[in-house]
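**Student:** Below you will find the structure I want to go over with you.
The values are calculated or read from the model by the stated rules, or taken from the named source; none is laboratory data. These numbers come from a predicted model, not from an experiment. Note that we place each Cβ from the backbone using ideal geometry, even for glycine, and neighbour counts take in every protein chain shown. In case anyone asks, the SASA skips ligands and DNA or RNA and just uses the protein heavy atoms, side chains included. Shrake-Rupley method; radii C 1.70, N 1.55, O 1.52, S 1.80 Å.
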Amino acid sequence: MLGLYLHIPFCSHICNYCNFNRGLFDAGLKARYVAALETEIRRAGDGGAADTIFFGGGTPSLLEPDEVGRLIEACRGSFAVSPDAEVTLETNPETVTVDRMRGFLQAGVNRVSLGVQSLHDRELARLGRQHSAARAADALLQVKSAGISDTSLDLMLWLPEQRLEDLQGTVEGLIALEPSHASLYLLELYPNAPLREEMARSHWSLVPDDDAADMYLWAMERLESAGYTQYEISNVARTGRRSRHNLKYWTDGEWLGFGCGAHTTRGGVRTKNVSSTDDYIACVASGRSPAVEVRRMSTEERLGDALFTALRLTDGINLDDIRARYGVDVWERYGAELAVHVEAGLLRRDGPRLWLTRQGMLLAHEVMTVFV
Ligand code: SF4
């Protein structure tokens, strides 16, 4: 089953830490972009079976419900999308009203992922976010009261000036709001992020690595005690509410990406679309493919990726599956290096399963380098 990813590169404000492919909202540009996206989807349509649609961004909730409906319709008209497909819309709290959410639900959206980042007003202000903690909480209630019960909250940790007790407040707030899924990512500051300058100017500090590790471990344990199960390094879910779309990225799946900067992986070929919104629209309008990079992956590369990404999951790598797919005995090939990590308590092996311990998740990149 394919996953279909639709990139919506518009935001009403640019956050000071953000390195995604996005730009400021412009109504005219948005209308032309949605038309191009619809065309790209219809041209790519080959009736392939798909079971997820994911609107990512940017801020996809800046689209109107009828635009989202048109795009879902284009997906359904071009691919064999399952009737029970998971259809996710990434949403920012400040764009949420009950009416808009009802409109998105009617358009076919059945899962909302809300970019909250923190439930601490001063932390939100430092990140340049446009919502308060109260607005974020209210937004989730509005999403639910519109009839969308599959909800995810995104949080970030290791924020400027954040201490364990601040994170504890945010996590307790999240638990009280009862989303069905949550993601918890470390803030990563790219080299020229405006937030870096602000941090220097305002003398904001980050706690040392060890304290950040303790914050992560505390959050995961607290979420588990509240009934969430961790299934990936940064993701937890209630039973049956794992992100079916994101799991494709971690389980050697296949997906098609539409829109500027979107990536596709299918049949061992990886492509990337042109990043600029204007160039993307121009390409599609002139009948050309927006793909600027097309690369056939070698079997070795696919194997490395499959191992690398599976290790992010708490289920880990299934060595039997890898042997069946790639004809490789992972333990025979990498056993000596992996054994060192098993010995150090970062990895565990039980029958065909090989997975990172929670301590191992803190040093995941070190372990993953075995495969790349
Ligand atoms: S809303 Fe999200 S995508 Fe847009 S600028 Fe902020 S972090 Fe980036």
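**Student:** Taking the residues in region 63-73 that are buried (at least 22 other Cβ atoms within 10 Å of the Cβ) and not β-branched (V, I, T) as candidates, determine which candidate is farthest from the ligand (Cβ to nearest atom).
**Tutor:** Ranking the candidates gives L71 first.
**Student:** While we're on this one: Evaluate region 5-25: report whether one residue or more is without any contact (Cβ under 8 Å) to a residue 40 or more places away in the chain and either among the small types (G, A, S) or part of a helix (DSSP H, G or I) (or both).
**Tutor:** The answer is no; no qualifying residue exists.
**Student:** Criterion first (among the small types (G, A, S), away from the ligand (no atom under 16 Å from the Cβ), open to solvent by less than 50 Å² (accessible area, probe 1.4 Å) and modelled with pLDDT of 95 or more) does A27 satisfy it?
**Tutor:** Numbers: among the small types (G, A, S): yes; away from the ligand (no atom under 16 Å from the Cβ): yes; open to solvent by less than 50 Å² (accessible area, probe 1.4 Å): no; modelled with pLDDT of 95 or more: yes.
So A27 fails the test.
**Student:** I'm trying to understand the selection: among the residues of region 353-368, which are open to solvent by 60 Å² or more (accessible area, probe 1.4 Å) and in a loop (DSSP other than H, G, I, E, B)?
**Tutor:** L363
**Student:** Checking W331 against (1) farther than 22 Å from G253 by Cα; (2) assigned to a helix (DSSP H, G or I); (3) open to solvent by 90 Å² or more (accessible area, probe 1.4 Å), which test does it fail?
**Tutor:** Condition (3) is where W331 drops out.
**Student:** Which residues, taken from region 44-59, are part of a strand (DSSP E or B) and open to solvent by 10 Å² or more (accessible area, probe 1.4 Å)?
**Tutor:** Quick first cut of region 44-59, residues part of a strand (DSSP E or B) only: 49-57.
If the condition is that a residue be part of a strand (DSSP E or B) and open to solvent by 10 Å² or more (accessible area, probe 1.4 Å), then A49, D51, F54, G57 are the ones that fit.
**Student:** Still on this structure: How many residues does region 87-112 contain that are outside any helix (DSSP H, G or I) and surrounded by fewer than 19 Cβ atoms within 10 Å (Cβ to Cβ)?
**Tutor:** Restricting attention to region 87-112, the residues satisfying the condition of being outside any helix (DSSP H, G or I) are 87-92, 96-97, 108-112.
After this cut, where a residue has to be surrounded by fewer than 19 Cβ atoms within 10 Å (Cβ to Cβ) as well, the list is 97, 110.
Matching residues across region 87-112 total 2.
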